[in-house]
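Single-structure report; data block below.
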Amino acid sequence: MSEKRPLYQSPGEKGKRGFEDLECYQLALEVMAMVHEFSKTLPHDEKYDLSVQIRRSSKGVTANIGEAYGRYHYLDSLRYYSIARGELNETLAHMINAKVLNYVEQSAFDVIYKLIREAEQTLNGYMAYIRRQRAGSQEFGDKTVHEDRIDYDLSCSPDNEAGN
């Protein structure tokens, strides 16, 4: 059996290209391409609703994997990988909606469903790997960065009502 050819092959040197070498990215790219093909079959009245939403969420998976890969600190990377996983599940939710609305046959749904779950499983595995590596933690620690809480006074006084 021959190895499946990826949808996209970077012109860079294999193994040194970047996020496009990641299996989770390759699977997410397949999900995106398959979802885009499916969206072309949706009824015209879904053109600006389900079609737009499912296409956008499927693109969000690949975009967030790319963004996560470019982050230095592992906690920052994990945040974007987590967003990618959320986008993947949003894509699945849209596919379930399409199934319930009878826009997709069971056999086609099953193929996309399995691919989405495989992409999710692979992404989860890569996220576990990133957690173990803890890149950037020696230089910056493991704490998250946040701003101090600010309390706002939202009460209305007679002076504020007049614009004073």
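We did not get these values from a lab; they are worked out from the coordinates using the rules stated. Quick caveat: nothing in here was measured; it's all calculated off a predicted structure. So basically every Cβ, Gly included, is an ideal-geometry build from the backbone, and we count neighbours across all protein chains shown.
Here are some notes:
- Difference of contour (0.36 nm per residue) and Cα-Cα distance, HIS36 to LEU7: 9.1 nm
- Gyration tensor verdict on the stretch 5-100 (Cα atoms; rounded if a/c is under 1.5, prolate if a/b is larger than b/c, oblate otherwise): oblate
- When the C-alpha to C-alpha distance is required to be over 27 Å, the pairs from LYS16/LYS40; LYS59/LYS114; LYS47/LYS99; LYS14/LYS47; LYS14/LYS40 that qualify are LYS16/LYS40; LYS14/LYS47; LYS14/LYS40.
- Gained length - HIS44 relative to ARG149, 0.36 nm times residue gap less alpha-carbon distance: 33.1 nm
- Cα-centred dipole magnitude for the stretch 19-139, charges only on beta-carbon of K, R (+1) and D, E (-1), debye, nearest 20: 300 debye
- Net charge of Cβ neighbours under 13 Å - reference HIS94; Lys, Arg +1; Asp, Glu -1: 0
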